[in-house]
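Structure record follows, encoded as structure tokens.
The values are calculated or read from the model by the stated rules, or taken from the named source; none is laboratory data. Here the structure is a predicted model, which means the values were calculated and not measured. Glycine also receives a Cβ, built like all others from the backbone with ideal geometry; neighbour counts cover every protein chain displayed. Ligands, DNA and RNA are excluded from the accessible area calculation, which covers all protein heavy atoms including side chains. Shrake-Rupley method; radii C 1.70, N 1.55, O 1.52, S 1.80 Å.
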Amino acid sequence: MKIHIIDDNVDVTNMLKTYFTKKGHECSTSSDGHNGLAILQSRKFDVIILDLAMPEFSGIDIIENLYKNDKMKGLNIVVLTASSVSPQADVQLIEKGVKSILKKPIDPDELLEYLLQFA
């Protein structure tokens, strides 16, 4: 499975990248929203793990940009966030094409098991 993680927390991205790679998956990372969006527009992934709270260009900015430009179709974006998201915001993200919203911290085994449905 090809996974891309967009999160400004380098500890999280490094841990997940190492874990997914050891489990036999191809994994790349972006530590900011602008770079993450550029990569999503140029490459295909089975799953995108996206943090919402990033400085300058957030996960929500990425989703809005992709949605506005009709690029959400076919993307398996899973939001993984420590931020509080209101039920209304959850619904709006799902309506725009986000597959699910998971809360940090999450066990990597459970996360991978969940992500395998998109492979």
(message) If DNA, RNA and ligands are ignored and the probe is 1.4 Å, what is the ranking of MET1, MET72 by accessible area, most exposed first?
(response) MET1, MET72
(request) Can you work out the accessible area per residue across the stretch 47-119, with the rest of the protein chains kept in place, probe 1.4 Å, in square angstrom? (result) 55 Å²
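Determine the order of TYR114, TYR67, TYR19 by accessible area, beginning with the largest, at a probe radius of 1.4 Å.
TYR67, TYR114, TYR19
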(message) Can you tell me which of GLY97, GLY33, GLY24 moves the most in a GNM of the chain? Springs connect C-alpha atoms under 10 Å apart.
(response) GLY24
(request) Could you check which residue among ILE60, ILE49, ILE106 shows the biggest mean-square fluctuation in a GNM of the chain with a 10 Å Cα cutoff? (result) ILE106
(request) Rank these residues by their accessible area, most exposed first, probe 1.4 Å: PHE57, PHE20. (result) PHE57, PHE20
(request) Pop a pseudo-label 7 angstrom from the Cα along the beta-carbon direction at both ILE106 and ASN14 and give the gap in nm to one decimal. (result) 2.2 nm
(request) Would you pull out the residues with amide H under 5 Å of LYS104's amide H, same chain only if 5 or more places away, H placed 1.01 Å from N? (result) THR81, ALA82
(request) List every residue whose amide H lies under 5 Å from the amide H of ILE5, counting only residues 5 or more places away in sequence or on a different chain, with H placed 1.01 Å from N in the peptide plane. (result) SER28, THR29, SER30, ILE49
(message) Tell me the angle of helix 10-22 to the major Cα principal axis of the chain, expressed in degrees between 0 and 90 and rounded to the nearest ten.
(response) 50 degrees
(request) Quick one: which residues, 5 or more positions from ILE77 or on another chain, have an amide H under 5 Å from its amide H? H modelled 1.01 Å from N in the peptide plane, none for Pro or chain starts. (result) ILE48, LYS99
(message) Once ligands and nucleic acids are excluded and a 1.4 Å probe is used, how much of ASP70 is accessible, expressed in Å² to the nearest 10?
(response) 130 Å²
(message) Accessible area of the stretch 8-119 with a 1.4 Å probe: how many percent of it is carbon plus sulfur?
(response) 49 percent
